[in-house]
1. How much accessible area per residue does the stretch 83-172 have, in Å², with a 1.4 Å probe?
2. Grab the beta carbon distance between Ile159 and Asp90, set R0 = 30 Å, and tell me the FRET efficiency rounded to 0.05.
3. Using a 1.4 Å probe on the protein heavy atoms only, what accessible surface does Arg31 show? Give it in Å² to the nearest 10.
4. As a test question: what accessible area, to the nearest 10 Å², does Tyr22 have when a 1.4 Å probe is rolled over all protein chains in place?
5. Can you send over the carbon and sulfur percentage of the accessible area for the stretch 45-135, probe radius 1.4 Å, protein chains only?
6. Report the calculated FRET efficiency for Glu134 and Glu75 (r = Cβ-Cβ distance, R0 = 22 Å), to the nearest 0.05.
Amino acid sequence: MDFIENNSIMLSIGLLIIAFYYFYILLIRKRNTALEALSGIDVQIKKRSNTIPNILKVASKFLKHEKKLMTDITELRSKATKKYNPKSNDEVKSHIAVAETLGAKMGQLMIAVENYPDLKSDSTMIESIKTYNEVEEQIAAARRFYNASVTELNNSVQIFPISLVARLVKVDEMPFYHAEGENKPVDADQYLN
């Protein structure tokens, strides 16, 4: 009887170790996928940052009174390309906020460009805006991939029994990438009046 009891205890311990290791691998794989997706966003933000100087150079010839906006964009551009710790939720949130603020300021610049027909029809500006818009679409796609990866990771971190392993190996939830204004409805009155 002792032999059977000892074997069943050893088998139970072995199964627990295998389950722990399986859940550990699952968590690390999901965290790495989310970090990879975050780095994909960083690549696109870097591309966007590389398109900004051309746009500002052309726009500065026409938009003399938009100096503050262009200065803000330049400052945000340098902040958006600074290194940060992708495993620190606070640093990731801060990085995402800077990137979104930069996107919003660039949106303001694009609106200002619309008010200047000569600038809007400049071939260099047209090409720069086209490139910028393509990069913005790539950022949106990267953001969707990141959020899907974060959802998978966060679900695993929150659901029992994997949540126990996550606590033991210090795998935490990651923040979602929320674009500013993505949930705000458009006010048609401002365009119709």
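The values are calculated or read from the model by the stated rules, or taken from the named source; none is laboratory data. For clarity, every value in this text was computed on a predicted model and none was experimentally measured. For neighbour counting, all protein chains shown are included, and Cβ atoms are generated from backbone atoms with ideal geometry for every residue, glycine included. Ligands, DNA and RNA are excluded from the accessible area calculation, which covers all protein heavy atoms including side chains. Shrake-Rupley method; radii C 1.70, N 1.55, O 1.52, S 1.80 Å.
1. Details: 5120 Å² over 90 residues.
With all protein chains present, the stretch 83-172 gives 57 Å² per residue.
2. On the way: r = 25 Å, r/R0 = 0.82.
For Ile159 and Asp90, the calculated efficiency is 0.75.
3. The accessible area of Arg31 comes to roughly 50 Å².
4. That residue has around 130 Å² of solvent-accessible surface.
5. On the way: 2690 of 5150 Å².
Carbon and sulfur together cover 52 percent of it.
6. Numbers: r = 24 Å, r/R0 = 1.10.
Approximately 0.35, to the nearest 0.05.
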